[in-house]
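Just so it is clear, none of the values below were taken in a lab; they were calculated from the coordinates. A quick note: this is a predicted structure, and the numbers were derived from the prediction, not measured. In this analysis, Cβ positions are derived from the backbone assuming ideal geometry, glycine residues included, and neighbour counts consider all displayed protein chains.
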C-alpha cells in the first residue's frame, strides 16, 4: 500500500474511532513505527489530524485555522495550483479572487501581468498586491478578523453588481453528492455572488479538500467550468460527477 492509500485508510479509521495509536497503525498496515510517524506528520501538516503522545486524533472539521497559519499547510501544492491558475489570466482581464490560501497564493504570480484588475473581499490579498501596478478593488463590509475577509449585505450587493472575466473560487471541502462547500454560513451569499459574477468560474482546491465534505453548499458541480488541483483525483464518485457536469480538470 502506497502512502496516499495509507493516509486515506488512516483517516477512514479515525472517522469511526476517537483516536489511534502508532502501534495499531503499524500492525494494521504492516509498516514500521517510523513510517507511521512520517504518515502522521504529513497528515498533521495537511491539517487533517492532531498528533498525540503515541498516536493521533482526527482534527475537528469545524476548526478553521487563522488565515495566515493556513498558508503554511501544503504550500507546494497550493503554489503549483496558483501558478497554473495565473497562466490562464490574460492581459487586460478583470478577475475576482475569493478569500482563501490557494487563491491568495495567486498573488505571487501576478506581478508581471499588464492592465489587470483584481476584485477581492480578502484584506490579505489586497495587501500583498499593494506594491504592484495592478488595479485592486474591494467591496465594503464587516471584517472577520481571523480570516481577514469582508462579509455582510454591502459586500454581497457589490459583487452582484459587477461582471468579470474570471472568478477564482476557494472551498473548504467537496461533497461527493452535491459540490463545493464552506464551513461558515456567513460567507455563503457573498461566495454565490462572486461565483456568478465571473463569465468563467474556476475552483482552486488542493487534494486535502477531497477529504473534507464541508457543510454549506455554495456551488454545484454544474456551476463550475474548471477545477485546478495538485494531485490526481482518486475519489471515483467526485471524478464521475465532475465528468458528468462537464468540468475541466487540471492537475498542476
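Can you give the translational diffusion coefficient of segment 67-251 in µm²/s, computed by Stokes-Einstein from the Kirkwood radius over Cα pairs at 25 °C and 0.890 mPa s? This corresponds to a translational diffusion coefficient of 151 µm²/s. Relative to the longest principal axis of the Cα atoms of the chain, helix 33-45 runs at roughly 20 degrees.
What is the extension gain from residue 114 to residue 90, computed as 0.36 nm multiplied by their sequence separation minus the C-alpha to C-alpha distance, in nm to one decimal?
7.8 nm
Which of the peptides 138-150, 92-104, 187-199, 240-252 is most tightly packed, and how do the rest follow, judged by the mean count of other Cβ atoms within 10 Å per residue?
Details: 138-150: 17.1, 92-104: 23.4, 187-199: 20.5, 240-252: 14.5.
Ranking, from highest mean packing down: 92-104, 187-199, 138-150, 240-252.
Extension gain, residue 222 to residue 57, is 55.9 nm, computed as 0.36 nm per intervening residue step minus the present C-alpha separation. Rounded to the nearest 10 degrees, the angle from helix 75-86 to the longest Cα principal axis of the chain is 30 degrees. Available extension along the chain between residue 135 and residue 76 is 18.5 nm, counting 0.36 nm per residue and deducting the alpha carbon span.
Cβ neighbours within 10 Å, averaged per peptide: list 107-116, 81-90 in order, most packed at the top.
Ranked from most to least packed, the peptides come out as 81-90, 107-116.
Placing R0 at 30 angstrom, the Cβ-Cβ distance between residue 41 and residue 235 gives a FRET efficiency of 0.80 after rounding to 0.05.
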